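The values are calculated or read from the model by the stated rules, or taken from the named source; none is laboratory data. Here the structure is a predicted model, which means the values were calculated and not measured. Cβ placement follows ideal geometry from the backbone for every residue including glycine, while neighbour counts extend to all protein chains displayed. SASA here: full protein model, heavy atoms, side chains in, ligands and nucleic acids out. Shrake-Rupley method; radii C 1.70, N 1.55, O 1.52, S 1.80 Å.
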Amino acid sequence: MAHSATLQKIPPIELYQLGLVRSSRPHQSEIITVNRLPTIVNTQETHWVKVVCKVTDWNQRFYYMSCSKCTRATAAQSDAPFWCNYCKERVHPMPRCKFQIQLSDSTGFIIATAFGEQADSMFSITGDYLKNSMQEVWEKQTQHTSSFYYL
């Protein structure tokens with residue numbers, strides 16, 4: 001309710017298409033239900049599903065730091081350059097969106113992870129924005145918290 005005005009500005013759900021591989025909508029016969037998705041993923045296969053997408057874990061971080069060249073995850077937390085273990089180059093870290101989401105239809109649901117450009121386009125947000133926003137929230141929380149001791 002606190003963000004209802006902002007939520008009204010979000011584009012309609014039809015604009016969010018995870019893994020868009022063509023510009024036209026699939027034919028109805030190409031769309032399968034969640035319960036027909038394969039349990040073992042073959043990266044060469046593409047499946048069209050019509051689902052409701054929602055974030056169910058609001059405690060997740062929503063972004064990760066990655067290599068600016070190969071986009072793989074890194075432990076770097078500052079903006080200082082580092083040596084990437086994968087591409088073996090000195091690069092700057094780059095925040096990328098990462099959302100654990102629930103995809104559901106009338107047959108059931110699955111948990112999926114959307115990250116990078118797919119997550120950016122699904123939620124119309126960037127990793128830089130999330131990193132900066134989360135940093136502000138964490139700083140405010142640490143300023144207003146007290147120390148508690150437990151036995």
> Can you work out the FRET efficiency for the pair D105 and I125, with r the C-beta to C-beta distance and R0 = 25 Å, to the nearest 0.05?
Replying inline: 0.55
>> For M122, what accessible surface area do you get with a 1.4 Å probe? Give it in Å², rounded to 10.
In response: 20 Å²
> Where does each of R90, R25 land when they are ordered by accessible area, with a 1.4 Å probe and the largest first?
Replying inline: R25, R90
> So how far apart, in nm, are the two label points at T113 and H92 if each is 7 Å from Cα heading toward Cβ?
Replying inline: 2.6 nm
> How much accessible surface area, in Å² rounded to 10, belongs to the heavy atoms of K131 with a 1.4 Å probe?
Replying inline: 30 Å²
> List the chymotrypsin sites (Phe, Trp or Tyr not before Pro) in segment 74-124 that DSSP assigns to loop (not H, G, I, E or B) and whose Cβ has at most 16 other Cβ atoms within 10 Å. Which are they?
Replying inline: Y86
>> For D128, what accessible surface area do you get with a 1.4 Å probe? Give it in Å², rounded to 10.
In response: 90 Å²
